[in-house]
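Report on the structure given below.
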Amino acid sequence: MFPFIYLVILGLCCCTKESNEVQLDRPRLSGPSVAVLYDIVDFYCEILNLENNETILLNLFRKDDRTEVLGDYPIQPGQEIGVFPREIKDVYEGYLECVASIQNNTEINATVSQPHFFKVVEPVKGAEIVNTGPREFFEGNNLELQCKVEVGNHVSYQWFLNGRLITLSPFHWIGDNRLIISRASSKDSGSYMCQAKNIFNETTVFSSNSSDVLITVKVLVSTPDISFTVVKKDDHNYLAIITCQSERGDLPITFSLYKNKELIVNATVSERHATFKVPAVLNQHSGWLQCQANNGQQVEYSRWFPFEIVSVAGPVTVHSDHDMARNYTVVRLRLYCKAARGTHPRFQWYLNQTPLRDRGSFYYVVDKPPEQSILLLSVGSSSSGKYRCEVWDSFDNSTVISSKKLYVDKEVLNRLSTSVVATVFSCFTVLVLLVLFCCLSGVMFRVKHHQQKLDSSLEMDQRLVASEYDMDFAEYSEDPDVARAPREDEFYLESEASEDELTQIELERSTLENLADEESN
């Protein structure tokens, strides 16, 4: 009995030991890395089979997910590759693994392949633009559009405006499936289209275009300008034709005319200006006018304009200035004509008796009512002559006021006048005298300064001598052993000569005088 049990135990141990020594090689999973949804593709799991009669079971899983078997394949002894033909679903996307194990044998550990990434492409379809805001709005507001697709994954988006690709800019932001335009302007008006696409490979691209969405960015009305002309009905009745005008703004525009903050009249027009007729009185301030413009979002105001019509009155004056070339010759001349008063003047230039209008070969007329009119001249032989200017009311030409004549000639303009020469010479003379005066002043100052230095030096020397003398005198006075200097009367007493000495001196002098007389004779 005991030998039999021993043999059974020994056999089991040997079998267990042999089984534990069996190891499966790590399988290798291969196949396509991308496929279109619902396509049929093959995955391959390769493993070196053991040299026994065991059947190896290959299973296909998502990485780290053993709850759902995506495919299985048993390989018989002698086989090395298992094939998984699969109809691709979206759950296949991600990392896949092949697990190899001995069928019906849990004592041998299973082995797992390296992860294999697989991408599932679902062709994009049904692109459309979603706009949550209005399709018509005024500039300065933001525009946000969203592109959605009915089906599709791994989708990229492009936006087009009037057929042109929209690129990133400081005011255009494109992210995921959205287009945001901040502070939209009229340039952003047009047909928008989004294109959604996903890429299968280098040769296959799926795309879907949305239908066009029309977006209108309306232009705000600009600040209006106000002006008016005058029409004479008869000798005592006048009309002011007042014009309100804006340079930009979407139509229609409502213009309103106010006088002293009181509404007079308004009109909605399909153009950027409106005119109003108001009775007027000459030479009288009738208040202040203002235009207001509105095209839907906000009101813009013109400046307050004085409602006053003043008749033209003299004198009419003409003055000039000029431009010179490098050689200091006058090449261009500007004449300015201006009336003493008048709010609605009209100007006319004349060369001799010929009227000058708009532009000619050597002139150009620039009217800047009500201030003045400018005549631009190119100086030459053709421009020589007498110029004058006439001014009258634009609404009444019964009274015309003329300026004095101004003679223009190239030679005269480039000739120095006597007054100019005298002025230049006088300035030069004054300059020379000024320089001379400065030089003389400098010399006198230097002499005076030198004399002051000498006087100061001499005074200092005298002070030094006096100081030394006082010191010596003090020394002699204080020392009893030193002889006292004689006084002045004592000095002369000691120096007096005797009578004999004086007689001898007189004799010698007379002798010398006699000798001199003899020599001269």
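The values are calculated or read from the model by the stated rules, or taken from the named source; none is laboratory data. Note that this is a predicted model, so its numbers are computed, not measured. No Cβ is skipped: glycine too gets one built from the backbone with ideal geometry, and neighbour counts run over all protein chains shown. Heads up: the accessible areas ignore ligands, DNA and RNA and are worked out on the full protein's heavy atoms, side chains in. Shrake-Rupley method; radii C 1.70, N 1.55, O 1.52, S 1.80 Å.
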By residue number, the members of region 87-116 that are among the aliphatic types (A, V, I, L, M) and in contact with a Cys (Cβ under 6 Å, 6 or more places away or on another chain) are none
Note on residue 324: of the conditions (1) among the hydrophobic types (A, V, I, L, M, F, W, C); (2) loosely packed, with under 14 Cβ neighbours inside 10 Å; (3) touching a Phe, Trp or Tyr at 6+ places or on another chain (Cβ under 7 Å), unmet is (3)
Of the residues in region 1-46 that are closer than 30 Å to residue 71 by Cα, open to solvent by 90 Å² or more (accessible area, probe 1.4 Å) and charged (D, E, K, R), the one that is modelled with the lowest pLDDT is 21
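Residue by residue, here is whether (1) farther than 30 Å from residue 219 by Cβ; (2) of a type outside the set (Val, Ile, Thr); (3) not in a strand (DSSP E or B) holds:
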site: 48; (1), (2), (3): yes, yes, yes
site: 60; (1), (2), (3): yes, yes, no
site: 72; (1), (2), (3): yes, yes, no
site: 78; (1), (2), (3): yes, yes, yes
site: 83; (1), (2), (3): yes, no, no
site: 86; (1), (2), (3): yes, yes, no
site: 96; (1), (2), (3): yes, yes, no
site: 99; (1), (2), (3): yes, no, no
site: 129; (1), (2), (3): no, no, no
- Using the structure shown, decide if residue 134 is in a strand (DSSP E or B) and either open to solvent by 30 Å² or more (accessible area, probe 1.4 Å) or touching a helix residue (DSSP H, G or I) at 6+ places or on another chain (Cβ under 6 Å) (or both). no
- So residue 38, is it assigned to a strand (DSSP E or B) and of a type outside the set (A, V, I, L, M): no
Here the residues within region 250-270 that are farther than 18 Å from residue 227 by Cβ and either among the small types (Gly, Ala, Ser) or not in a loop (DSSP other than H, G, I, E, B) (or both) are 254, 262, 263, 268, 270
Only unsatisfied item for residue 107, checking (1) assigned to a loop (DSSP other than H, G, I, E, B); (2) in contact with a helix residue (DSSP H, G or I) (Cβ under 8 Å, 6 or more places away or on another chain); (3) surrounded by 17 or more Cβ atoms within 10 Å (Cβ to Cβ), is (3)
Q. Does residue 122 satisfy the criteria of being buried (at least 18 other Cβ atoms within 10 Å of the Cβ) and of a type in the set (Asp, Glu)?
A. yes
Picking from 117, 61, 84, the residue that is open to solvent by 70 Å² or more (accessible area, probe 1.4 Å) and of a type in the set (Phe, Trp, Tyr) would be 117
Note on region 110-127: residues in contact with a Leu (Cβ under 8 Å, 6 or more places away or on another chain), assigned to a loop (DSSP other than H, G, I, E, B) and under 30 Å from residue 209 (Cβ atoms) are 122, 123
Selection from region 220-247 of residues at pLDDT 95 or above and either under 30 Å from residue 128 (Cα atoms) or not in a strand (DSSP E or B) (or both) yields 220, 221, 222, 223, 224, 246, 247
Counting only residues in region 334-360 that are closer than 17 Å to residue 319 by Cα and among the charged types (D, E, K, R), the one surrounded by the most Cβ atoms within 10 Å (Cβ to Cβ) is identified as 338
Wholly inside region 318-398, strands (runs of 3 or more DSSP E) that include 3 or more residues that are under 38 Å from the mean Cα position of the chain (by Cα) and without any contact (Cβ under 8 Å) to a residue 24 or more places away in the chain are 363-368
Here the residues within region 279-317 that are in contact (Cβ under 8 Å) with a residue 60 or more places away in the chain and among the hydrophobic types (A, V, I, L, M, F, W, C) are 289, 291, 293, 305, 307, 309, 312, 313, 316
